[in-house]
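Only one structure is covered here, and it is reproduced in the block below.
The values are calculated or read from the model by the stated rules, or taken from the named source; none is laboratory data. All values derive from a computational prediction rather than experimental measurement. Cβ sites come from the backbone with ideal geometry, for glycine too, and all protein chains shown count toward neighbours.
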Amino acid sequence: MMISKQNIISSDIKAFLFDMDGVLFDSMPKHAEAWVHSFLSLGLDFNEYEAYMREGMTGASTINEIFNSQLFRSATIEECEQIYAEKAAYFESLGPSYPIPNVDKVLQLIQQNNKDIFLVTGSGQKSLLNKLEHSFPSVFQKDKMVTAYDVKKGKPDPEPYLMALQKGGLSAEQAIVIENAPLGVKSAVAAGIFTIAVNTGILKDEELLQAGANCLYHDMMELHDDLLLFFLHS
Ligand code: MG
């Protein structure tokens with residue numbers, strides 16, 4: 001599926017809103033492994049596909065979903081904090097994450113075309129947030145970021161993407177979202193924004209398309225080449 005003027009309602013695009021895990025960094029396999037490890041250590045059943053399906057949710061929402069479905073109660077605030085802290089520590093023990101191949105080329109192309117770039121993530125993983133400037137020099141600015149520390153509801157609620165639009169003084173028609181996760185796609189679509197899915201993980205394409213993605217790519221180079229044409233013709 002190609003990006004085209006026809007499927008972008010307005011060609012007055014001013015900004016691109018990037019998710020972080022699975023879009024900027026190849027961190028999703030480690031997040032999934034860390035969630036599986038945390039739940040299994042509590043005797044709770046969980047697998048990696050389920051972790052990918054919940055990507056973008058707040059840690060507390062993920063923990064409460066599993067508690068409610070298997071223990072028939074919510075987790076206490078203390079339990080949430082402890083499990084999330086253990087999950088985050090286990091994630092760190094799995095080693096560093098690296099940029100998704102060729103996403104740097106996508107970011108450069110967008111900058112060359114004088115569009116703003118925002119970060120919109122449900123993550124509060126400090127090691128990755130701190131690594132943004134090192135991995136992508138002069139791309140992400142503090143006033144153009146929405147993270148776990150800003151949001152109350154998190155994805156799939158439109159809140160994080162609406163916050164980014166507000167920060168940028170943008171209308172939904174002036175933005176394009178790049179996402180890799182079904183709940184992230186739902187959040188962006190609910191905010192009324194044209195949403196490009198890049199399936200960098202283990203999920204079936206249908207999961208992203210059913211979530212409402214306007215188009216889908218399988219790697220960043222494929223997206224880069226289409227964006228190049230989009231900029232040439234807009
Ligand atoms: Mg993601």
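A few remarks follow.
- Close pairs (8 angstrom Cβ cut-off, 6 or more residues apart or separate chains): within 10 Å of residue 55 (Cβ to Cβ) in the range 166-188, among the aromatic types (Phe, Trp, Tyr) and within 11 Å of the ligand (Cβ to nearest atom) anywhere: 181/52
- Residue pairs whose Cβ atoms lie under 8 Å apart, sitting 6 or more positions apart in sequence or on different chains, and linking a residue in the range 221-234 that is within 10 Å of residue 196 (Cβ to Cβ) to a partner that is buried (at least 19 other Cβ atoms within 10 Å of the Cβ) and of a type in the set (Val, Ile, Thr), are 223/106; 223/178; 223/196; 223/198; 226/3; 227/3; 227/106; 227/110.
- Given (1) at pLDDT 95 or above; (2) in a loop (DSSP other than H, G, I, E, B); (3) away from the ligand (no atom under 16 Å from the Cβ), index of the condition residue 12 fails: (1)
- Members of the range 136-165 that are in a helix (DSSP H, G or I) and touching a residue at least 12 places away in the same chain (Cβ under 8 Å): 143, 144, 159, 160, 161, 162, 163, 164, 165
- Restricting the range 25-49 to residues that are closer than 18 Å to residue 203 by Cβ and assigned to a loop (DSSP other than H, G, I, E, B), the residue that is nearest to the ligand (Cβ to nearest atom): 27
- Residue check for residue 220: within 16 Å of the ligand (Cβ to nearest atom) and not basic (Lys, Arg): yes
- For residue 157, the stated conditions do not hold, so it cannot be described as surrounded by fewer than 18 Cβ atoms within 10 Å (Cβ to Cβ) and closer than 30 Å to residue 90 by Cβ.
- Cβ-Cβ contacts under 7 Å between residues 6 or more apart (or on different chains), taken from a first residue in the range 61-83 that is polar (S, T, N, Q) to a second residue that is not in a helix (DSSP H, G or I), are listed as 61/154; 62/54; 64/74; 64/75; 68/74; 70/44; 70/45.
- Members of the range 191-224 that are modelled with pLDDT under 95 and either part of a helix (DSSP H, G or I) or touching a Lys or Arg at 6+ places or on another chain (Cβ under 8 Å) (or both): none
- Considering only residues in the range 50-76 that are under 15 Å from the mean Cα position of the chain (by Cα) and not hydroxyl-bearing (Ser, Thr, Tyr), the one that is farthest from residue 204 (Cα to Cα) turns out to be 59.
- Here the condition is being of a type in the set (S, T, N, Q) and within 15 Å of the ligand (Cβ to nearest atom); of 174, 111, 125, 141, it holds for 125 alone.
- Tally of residues being β-branched (Val, Ile, Thr) and outside any helix (DSSP H, G or I) across the range 57-79: 2
- Residue match in the range 29-43 (condition: buried (at least 22 other Cβ atoms within 10 Å of the Cβ) and under 16 Å from the mean Cα position of the chain (by Cα)): yes
- Of all the residues in the range 50-99, those that are of a type in the set (Phe, Trp, Tyr), within 16 Å of the ligand (Cβ to nearest atom) and surrounded by 14 or more Cβ atoms within 10 Å (Cβ to Cβ) number 2.
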